[in-house]
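Some notes on the structure that comes next.
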Amino acid sequence: MLILGIETSLDETAAAVVKDTRILSNVLSSQVELHRKYGGVVPIIAQRAHRERIDAVITEALKNASMDLRNIDALAVTIGPGQALALEVGLEKAKTIAAEYRKPLVAVSHMEGHLLSAFAENSQGHNPGGAKVAAVKFPLLGFLISGGHTELILVNNIGSYQILGQTLDDAAGEAFDKVGRMLGFGYPGGPVVEEMAKQGDERAFNLPLAMSRRTDLNFSYSGLKTAVMYQVRELKKADQLSKKSICNMAASFQRVMALSLVKRLEMAIKKTTPHGLLLGGGVASNLYVRQAVRKVLRQNKLPLFIPYDKRLFTDNAGMIAVAGSFKARRGEFVKDLHKLDRQPNLTIDQPIRA
Ligand code: KG4
Ligand code: ZN
C-alpha cells in the first residue's frame, strides 16, 4: 500500500511517502530558527509556519517518491499528542486531500510513530539495526524518550500497548533543553549538551539520581534539574562558569540522566521479560544515552531495535506513514471525516476517536 504521511504536531512541517514499511521519501521543513529567540515553540507561530509550508512539503515528498496524489492508496496523519494549533494544520490538509481525491485516511498517534520507527525500512527494504515484522516476537518493550514524553511501554503486539511508566514532571528531552538553557545554549539545547559533554568530565559535579529508591517505573527530573540550577548559580556567583565547567556540567548531567533512564529500563525488563526493545524519540539520537541503553540490552541478552537512520529518531512524517501502514493493513480507516478532530492529549494506550 502506498501511503502519504503528514506530521505537524509541533515545530516540524513534514510529509513522507511509504510503500508499506519502506520509506520512499521523507521531507521535513524545520521551524527551529523561528522559535529559537523565544526559547521554545510558540504555538501560533508554529501554526502560521505550518500553513505557509505544508503544500510545498507535500509536493516535494510526492515528487521525491515519483508519485502524485492519484497514485496514493491512503493518507496517514498525526492526530495527537501535540500542540492543538499545530496539529490542526496537518489534519485539515489530510482531510481536504482525502475528500477531494476520495482516499481513505488513517489517524495516527505521534507516539506510535516514534514507537514503530524501528520497523521503517529504506526504499530497498533494508533497515540495519531495525526490526522486521516477520522476525520479531512479542511482547516487546518500547522506550520513548522525546521532548514531550518519557515512556516505558509494553508492546503486546503492533497496535496493542500498555504504558508501564512515564514522567511525573519533565520529559527527558525537556530536561536536556532546560539544562541547556541554564548553561547558555540556544533552543533546542539537547544536541548542544551532548556536544559539550564530549569535552567534559562526567564525574566533575555530584548530581542526584532521581527517585533512586522508588520501585515503580515512573521518571522525575525536577530534582536533577534544580540541582543543576543551584550549582550553576553558585558557579556564576564565584565567577567560575568557564567553558570547562560548562562542559563538565553538561557531562555530569548527561551521565545522571542516562543512569536514571537505564535504571527504570532494567526494572521494566525484569518485570515483563520482553523479547527485545524498541527505542525511539529525539533523545535516543544521543549517542551516550544509546550506548547506556545498548549495554543493558547486551547484559540481558536482548536485541535492541532502532531506526536505520538517525533522522528517524526525531520528529518526521516517515514514522507516521509507517505506523499508518500497519493501521491501514488492519483496515482501521477513519469512518467520518467531518467528525475527526485533533486530540492534543492522546496517549498511546487510548483508542483514537475516529
Ligand atoms: O522526538 P522529538 O524530535 O520531538 C518530540 O516529539 O518531542 O524530540 C525532541 C527532543 C528535544 O527536547 C531535543 O533537545 C532532544 O529531543 N534531543 C536530544 C538530542 N537530539 C534531540 N537530547 C539529547 N541529545 C541529543 N543528541
Ligand atoms: Zn516526537
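The values are calculated or read from the model by the stated rules, or taken from the named source; none is laboratory data. Not measured: the values here are computed from a predicted model. Here Cβ is always computed from backbone atoms with ideal geometry, including for glycine, and neighbour counts include all displayed protein chains. For the accessible areas, the whole protein counts, side chains as well, though only heavy atoms, and no ligand, DNA or RNA atoms are used. Shrake-Rupley method; radii C 1.70, N 1.55, O 1.52, S 1.80 Å.
The set of residues from the stretch 281-314 being open to solvent by 30 Å² or more (accessible area, probe 1.4 Å) and under 16 Å from Ser146 (Cβ atoms) comprises Arg290, Lys310, Arg311, Thr314. Within this structure, Gly223 fails the test of being touching a residue at least 12 places away in the same chain (Cβ under 8 Å), under 11 Å from Ala175 (Cβ atoms) and within 16 Å of ligand 1 (Cβ to nearest atom).
Open to solvent by 30 Å² or more (accessible area, probe 1.4 Å), under 22 Å from Thr96 (Cα atoms), within 14 Å of ligand 2 (Cβ to nearest atom) and aliphatic (A, V, I, L, M) - does that describe any residue in the stretch 27-41? Among the residues of the stretch 27-41, at least one is open to solvent by 30 Å² or more (accessible area, probe 1.4 Å), under 22 Å from Thr96 (Cα atoms), within 14 Å of ligand 2 (Cβ to nearest atom) and aliphatic (A, V, I, L, M), which makes the answer yes.
For the criterion of being under 28 Å from Ile348 (Cβ atoms) and free of Cβ contacts under 8 Å to residues at least 24 places away in the same chain, Ile45 passes. Of everything listed in (1) away from ligand 2 (no atom under 16 Å from the Cβ); (2) open to solvent by less than 40 Å² (accessible area, probe 1.4 Å); (3) of a type in the set (A, V, I, L, M), the single unmet condition for Ala238 is (2). When the residues of the stretch 256-280 are filtered to those that are farther than 14 Å from Gly165 by Cβ and surrounded by fewer than 19 Cβ atoms within 10 Å (Cβ to Cβ), which remaining residue is nearest to ligand 2 (Cβ to nearest atom)? Looking at the filtered set, the residue picked out is Leu259. Within the stretch 108-123, which residues are away from ligand 1 (no atom under 14 Å from the Cβ) and touching a helix residue (DSSP H, G or I) at 6+ places or on another chain (Cβ under 8 Å)? Within the stretch 108-123, Phe119, Ala120 meet the criteria.
For the stretch 75-194, the strands (runs of 3 or more DSSP E) that sit wholly inside it and include 3 or more residues that are open to solvent by 10 Å² or more (accessible area, probe 1.4 Å) and not β-branched (Val, Ile, Thr) are 150-157, 160-166.
Does Ala354 satisfy being at pLDDT below 95 and either over 30 Å from Ile58 (Cα atoms) or hydrophobic (A, V, I, L, M, F, W, C) (or both)? Here the answer is yes, as Ala354 does meet what is asked. Search the stretch 6-26 for residues that are on the phi > 0 side of the Ramachandran plot and away from ligand 1 (no atom under 13 Å from the Cβ) and pair each with any residue that is modelled with pLDDT of 95 or more and open to solvent by less than 10 Å² (accessible area, probe 1.4 Å) when their beta-carbon atoms are under 7 Å apart and the residues are at least 6 apart or on different chains. Between residues of the stretch 6-26 that are on the phi > 0 side of the Ramachandran plot and away from ligand 1 (no atom under 13 Å from the Cβ) and residues that are modelled with pLDDT of 95 or more and open to solvent by less than 10 Å² (accessible area, probe 1.4 Å), the close pairs are Asp20/Ser325. Every test in (1) more than 14 Å from Thr21 (Cα to Cα); (2) touching a strand residue (DSSP E or B) at 6+ places or on another chain (Cβ under 6 Å) is passed by Ile145 save one, and that test is (2). Within the stretch 124-153, the set of residues being more than 14 Å from ligand 1 (Cβ to nearest atom) and closer than 14 Å to Thr347 by Cα comprises Leu152, Ile153.
Looking at the stretch 197-220, is at least one residue part of a helix (DSSP H, G or I) and either surrounded by fewer than 18 Cβ atoms within 10 Å (Cβ to Cβ) or β-branched (Val, Ile, Thr) (or both)? Within the stretch 197-220 (the criterion being part of a helix (DSSP H, G or I) and either surrounded by fewer than 18 Cβ atoms within 10 Å (Cβ to Cβ) or β-branched (Val, Ile, Thr) (or both)), the answer is no, since none of the residues qualifies. Taking Leu24, is it among the hydrophobic types (A, V, I, L, M, F, W, C), open to solvent by 20 Å² or more (accessible area, probe 1.4 Å), under 23 Å from Gly130 (Cβ atoms) and away from ligand 2 (no atom under 16 Å from the Cβ)? The answer is yes for Leu24.
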